[in-house]
1. Counting only protein chains, not ligands or nucleic acids, how are 227, 61, 167, 197 ordered by accessible area (probe 1.4 Å), most first?
2. Based solely on C-alpha atoms, express the radius of gyration and the Dmax of region 11-61 in angstrom.
3. Between residue 46 and residue 96, what is the FRET efficiency for a Förster distance of 41 Å, r being their Cβ-Cβ separation, to the nearest 0.05?
4. What is the ratio of the Cα radius of gyration of region 1-132 to 2.2 N^0.38 Å, where N is its residue count, to two decimals?
5. Find the all-direction average of the projected area of the Cα convex hull for the chain, expressing the result in square nanometres with one decimal place.
6. Helix-derived [θ] at 222 nm for the chain: sum -39500 (n - 2.57) over DSSP H runs of at least 4, divide by residue count, nearest 500?
7. What does the extension gain come out to for residue 234 and residue 71, with contour length at 0.36 nm per residue minus their alpha carbon separation?
8. Per residue, how many Å² of accessible area does region 11-61 show with a 1.4 Å probe?
Amino acid sequence: MPRDSVPDALLWDTADPYHYLRLDRHRDHDIVVFGGEDHKTGQASDSHARYERLEDAIASRIPTIDLTHRWSGQVIETPDGLPYIGQMTDHQYAATGFGGNGMTFGTLAAIMIADAISGRSNPWAELFDPGRAAIRRGLWEYLKENADYPYYMVRDRFAGAEGRSQRSVKRGQGKVIDHHGAKVAAYRAPDGALTLRSAICTHMACVVRWNDAERTWDCPCHGSRFRSDGGVISGPAEKPLAEISRDESSH
Ligand code: FES
């Protein structure tokens, strides 16, 4: 966008879902990162609408802006909102759950873990201890987060698939279809080629969903994401969605 269209500041609102703006000044223009519309992975069915709301919001404030890129990423949050930083077991340290504040907490984690390895005591060690009771603060948040798994697990495993036949999957679309009584993640590429993978998440067996904005299979239970060919983009799942045997996929 034109240089100096907005003040050089990190701005965000307090709405839910919220929007934020970050600035990267250049000699003759500014690059702005405008984001928000956060939602839990695999639990929003309107990814396109979320992008549109972001684009409308920034374009209405800065009409001359040139929209060049869009993407979505994941932030990891703990039940009580504070990161886990510290020792897990002998010679193993964790630093995670930064909730989008990686510059701050990443620096803090480096200091704390260096202290731990060097045998120096650190005043924040107890606060960020990965072994702290998950429910010490925010019992309700803890229960809410952990309700996702049984809820989606039971609901999706017993719900009917979205479509019965492979023919119902249009070009560029992904769909969970019923295939010989199994739930199968079917993706048809723009050239018409069909990829079939098991729709059962390899973490703890919830049913994945198609994310039409990112063209990924997302799991609503703990946020694992898979490429259209089943490969893992992000965990906790570590294994790709299972292949459907040729015999099964030939029908
Ligand atoms: S069951 Fe899919 S991420 Fe846990």
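The values are calculated or read from the model by the stated rules, or taken from the named source; none is laboratory data. Being a predicted model, the structure only gives us computed values, none of them experimental. All Cβ positions, even for glycine, are placed from backbone atoms using ideal geometry, and neighbour counts span all protein chains on display. Side chains are part of the model used for accessible areas, which takes the heavy atoms of the whole protein and leaves out ligands, DNA and RNA. Shrake-Rupley method; radii C 1.70, N 1.55, O 1.52, S 1.80 Å.
1. Details: 227 115, 61 160, 167 210, 197 40 Å².
Output order, biggest surface exposure first: 167, 61, 227, 197.
2. Considering region 11-61 through its Cα atoms, Rg and Dmax are 12.7, 41 Å.
3. Values: r = 29 Å, r/R0 = 0.70.
The value I calculate is 0.90.
4. Working: Rg = 19.0 Å, N = 132, 2.2 N^0.38 = 14.1 Å.
Rg over 2.2 N^0.38 Å, computed on Cα atoms: 1.35.
5. Values: hull surface 72.3 nm².
Orientation-averaged projected area of the Cα hull: 18.1 nm².
6. Working: 5 runs with 60 residues, N = 251.
So the helix-based figure for the chain works out to -7500 deg cm²/dmol.
7. On the way: separation 163, 0.36 × 163 = 58.68 nm, distance 1.51 nm.
Full-extension gain reported as 57.2 nm.
8. Numbers: 3320 Å² over 51 residues.
Per-residue value: 65 Å².
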